[in-house]
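Right, one structure below, let's go through it.
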Amino acid sequence: MIDLVASEWLKLRSLRATYYVLAATLSAVVLTGFAAYSISRYFDTHGPGGDAVGTGLGLSADLPPVLFGMLGVFAISGEYTTGMIRLTLTTIRSRWTLLLAKAAVVAAMAAVAGQALAFATYFTAQAVVAGRPIGASFAEHTALTEVLTSGAGAAVAGVLGLGLATVLRSTPGALIALVVLPLAPTVLERFLPAPWNDWVSSLTIPSLTRQLAAVPDAGAFGPATAATVLVGYVVLSLLPATVAINHRDA
Amino acid sequence: MIEVTELTKRYGSTRAVSGLTFRVEPGQVTGFLGHNGAGKSTTMRMILGLHRPTSGTALINGVRKQDLRDPMREVGALLDAAEVQGGRTAFAHLQALAYAGGIGRRRVVEVLEEVGLAGAARKRIAGFSQGMRQRLGIAAALLGDPGVLILDEPVNGLDPDGIRWLRTLLRSLAGEGRTVLLSSHLMTEMSLTADRLIIIGRGRLIEESTTADLLARFQSGVLVRSPHAARLSRALEAAGATIRSAHDAQAVEKPAPARPTNTAAPTHPSQSSRLGEEPAHARPAGTKAATHPSQDFRLSEEPVPGRLVAAGIEARAARDAGGEELLVTGLTAAAIGDIALAHGCAVHELVPRRTSLEEAFMEIAK
Ligand SMILES: Nc1ncnc2c1ncn2[C@@H]1O[C@H](COP(=O)(O)OP(=O)(O)OP(=O)(O)O)[C@@H](O)[C@H]1O
Ligand SMILES: [Mg+2]
């Protein structure tokens, strides 16, 4: 298993798509910067009462899960589209260990990159806010935990992408699913009656990481429930993928 | 050792492989032949545990591929050299595979050198030529120094040096007691490389025998060029041979002339053994009687294009050199020489002709 993780780690590192995705996550920092700037200008002209920047993470929160999901997609979809999966599978004992090794390296890379991105986003937002009372500070407990749970969200998104790509075996298919799935709760929320809409909108990955950090008004669930749902996503992503990779002809 | 038993694979309504049974023994290079779509790749994919057989079993060293303890060290495979991710360098590609089997960096360097890609190790695979990819695929198969090698058309795209190198490599690997199964459509190369042949058609076994036995069965006579062709012909026919002049062989459209009655089946192996030609090979042990093609195989009635082209070239050469050329079946070159001497006929050329594997294959796998 350690051998397989080393192998998959090298594969992920030597894949160009990995670097494209990581570079693209910087767009979240840039977007947050712009949004924070615009909110700061509003504050300067209209005074308090408008939106707050807070940690800044919320301003671009929808972006990282999609991008880290892509990291997971590319970790296996290239093997399927080129057919290299056949070569890979001839070299290993059982197929599910391959999936587990891929999940481990994707989760690790997404967690580290997602964490770094969250810090970069936070500090960018605070730099733009420049001391106005609309920002946040690590002195507040929830601000730090909100940043620190972002890595977990990125890891879950990465594994979700990996699972989708394994089941669908198609890069475009997995990418489409990756964009549509996170949007689904936001769309459904508008149609559902009272407690349901709140629950459904609390199911998105960015919302769950905030609930995990016990950020006030982040959603319907407490940290424990949020953690359970996030773990549930990982299991729900990997179970069908394991069944698929084990039972289908490669 | 590879054992395939009653292996069947259906894709929807397509029967890719039907009740296939054969063994690939260690210490030999075994060639896997069959027309496009015959089921070679499908069989290999099942042996390698990539596709699940509809029924039957395929075992490597007595167990299914999925049950091998250390797959990379037991079996190495090249299925399709194009199936690699181009963004990686050759080194990273092999290193990633090597890690999975707990194989060190030294071995990666070693195989890169062995396949002649040491200079391209740090280049991205996307820029590789077809032959370079083929070499990379062979390198991947060799990584674990496995006892069983399964190679699907490894020769494609290799240059003449590469082909010769691969032939030498596979023969030496088999010489070390390894099991080597390879498919190819390049018959000349196959006849040089493979000790044994497994021929399939439409997913079924057609023939399983040694290369030598197979070719011996399709022995196609001796070419004799003599300025006394007419006299020699009569003498040879009297000795029981069948004679065709090179002109008959040349005439592609024209039906072959009626054969003398005393030589009913000149290519039948039992007859050639009676005439002292390699009796040990006359009836191959592994050959199934039911699929034995020689009974309904008539050399002169169903001309094979390849043979006629060859015969045409030889006939032209004979014309250029003067003298008439005869194609003699039913006698060995030695017997022909003795008869010629006894009858005082000069012989300018006496060449035993072996049917090429291509011709034999075309005949068997029609
Ligand atoms: N994945 C698949 N799905 C459906 N049909 C398949 C699949 N793979 C192979 N076949 C069918 O099975 C048959 C055998 O194909 P296979 O690739 O094994 O032939 P082959 O002997 O390797 O041919 P070639 O010499 O062209 O490589 C063909 O009719 C092919 O169309
Ligand atoms: Mg094939």
Requested in this report: Determine the relative contact order of segment A:21-158: mean sequence separation of Cα pairs under 8 Å and six or more apart, normalised by residue count, in whole percent.
Outcome: 40 percent
**Report entry** Rel. contact order, % - alpha carbon contacts under 8 angstrom, at least six apart, chain A
**Finding:** 24 percent
Query raised in the report: When the label point is put 7 Å from the Cα of B:S55 along its Cα-to-beta-carbon vector, which residues of segment B:18-34 have a backbone N closer than 17 Å?
Result: B:18-22
**Report entry** B:H35 accessible area, 1.4 Å probe, all protein chains in place, Å² to nearest 10
**Finding:** 80 Å²
Query - Spin-label model distance (nm) - A:T81 vs B:H35, 7 Å beyond Cα toward Cβ - result: 3.6 nm
Query raised in the report: So how many Å³ per residue does the convex hull of the Cα atoms of segment B:2-215 work out to?
Result: 116 Å³
Report summary line: The FRET efficiency for B:T8 and B:D195, from their Cβ-Cβ distance with R0 = 22 Å and rounded to 0.05, is 0.20
Query - Heavy-atom accessible area ranking, 1.4 Å probe, most first, across B:E237, B:E113, B:E363 - result: B:E113, B:E237, B:E363
Report summary line: On the accessible surface of segment B:2-215, probed at 1.4 Å with all protein chains in place, carbon and sulfur together account for a percent value of 47 percent
Report task. Could you list which residues have their amide H under 5 Å from that of B:L33, counting only those 5 or more apart in sequence or on another chain, with H placed in the peptide plane? Result -> B:I198, B:I199, B:I200
Report summary line: In whole Hz, the Karplus estimates of ³J(HN,Hα) for segment B:82-91 (6.51, -1.76, 1.60; θ = phi - 60°; x where Gly or Pro) are 6, 7, 9, 8, x, x, 8, 7, 4, 5
Report summary line: With all protein chains present and a 1.4 Å probe, the order of B:D213, A:D62, A:D217 from largest accessible area down is A:D217, A:D62, B:D213
Query raised in the report: Using a 1.4 Å probe on the protein chains only, how many percent of the accessible area of segment A:2-247 belongs to carbon and sulfur?
Result: 71 percent
Query raised in the report: If the chain between A:A23 and A:A139 were fully stretched, how many nm would it gain, using 0.36 nm times the residue separation less the Cα-Cα distance?
Result: 38.8 nm
Query raised in the report: What value, in deg cm²/dmol to 500, does the helix sum -39500 (n - 2.57) over DSSP H runs of n ≥ 4 give at 222 nm once divided by the residues of chain A?
Result: -26000 deg cm²/dmol
Query - Rounded FRET efficiency, nearest 0.05, which uses the C-beta distance separating B:L350 from B:M1 and R0 of 51 Å - result: 0.75
Query raised in the report: Over segment B:1-76, what is the mean sequence separation of C-alpha contacts under 8 Å (at least six apart), divided by residue count, expressed as relative contact order in percent?
Result: 37 percent
Query raised in the report: A:Y19 accessible area, nearest 10 Å², 1.4 Å probe?
Result: 120 Å²
Requested in this report: Can you pull the one-decimal nm distance between simple spin-label points at A:A244 and B:R231, each 7 Å off the Cα toward Cβ?
Outcome: 8.3 nm
**Report entry** Accessible area (Å², 1.4 Å probe, nearest 10) - A:L87
**Finding:** 30 Å²
Requested in this report: Could you tell me the number of lysine pairs in the protein assembly as shown with C-alpha atoms less than 28 Å from each other, where the two lysines are 8 or more residues apart or belong to different chains?
Outcome: 14
Query raised in the report: For chain A, with every protein chain kept in place, what is the accessible area per residue (1.4 Å probe, Å²)?
Result: 44 Å²
Requested in this report: Let me know the Rg and Dmax you get for the protein assembly as shown when you use only its Cα atoms, in Å.
Outcome: 34.9, 125
Requested in this report: Please arrange B:T332, A:T166, A:T186 by accessible surface area, largest first, computed with a 1.4 Å probe and ligands excluded.
Outcome: A:T186, B:T332, A:T166
Report task. With a length cut of 18 Å (Cα positions projected on each helix's long axis) and a Kyte-Doolittle mean of at least 0.0, go through chain A and give me the DSSP H helices that pass. Result -> A:16-46, A:63-82, A:95-129, A:150-168, A:171-191, A:223-247
Report summary line: Computed ³J(HN,Hα) along segment B:17-23: with the Karplus parameters 6.51/-1.76/1.60, θ = phi - 60°, integer Hz and x for glycine or proline, the list is 9, 10, x, 7, 10, 6, 10
Requested in this report: In whole Å, largest first, what are the principal axis extents of the Cα atoms in segment A:2-247?
Outcome: 65, 40, 30
Report task. Could you tell me the total accessible area buried at the B-A interface, probe 1.4 Å, in square angstrom to the nearest hundred? Result -> 2600 Å²
Query raised in the report: Using the Karplus equation 6.51 cos²θ - 1.76 cosθ + 1.60 (θ = phi - 60°), what ³J(HN,Hα) coupling, rounded to whole Hz, does each residue of segment B:348-365 give in order, writing x for Gly and Pro?
Result: 8, 8, 9, 10, x, 9, 9, 5, 6, 4, 4, 5, 4, 5, 4, 6, 6, 9
Query - Potential extension, B:R105-B:T89 segment - 0.36 nm per residue separation minus Cα distance - result: 4.3 nm
Query - Separation in nanometres of the label points that stand 7 Å from Cα toward Cβ, at A:A127 and A:T45 - result: 2.5 nm
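The values are calculated or read from the model by the stated rules, or taken from the named source; none is laboratory data. The model shown is predicted, which means the values in this text are computed figures rather than measured ones. Backbone-built Cβ (ideal geometry, glycine too); neighbour counts: all protein chains shown. Each accessible area value is taken on the protein alone, full model and side chains, heavy atoms only, with ligands, DNA and RNA left out. Shrake-Rupley method; radii C 1.70, N 1.55, O 1.52, S 1.80 Å.
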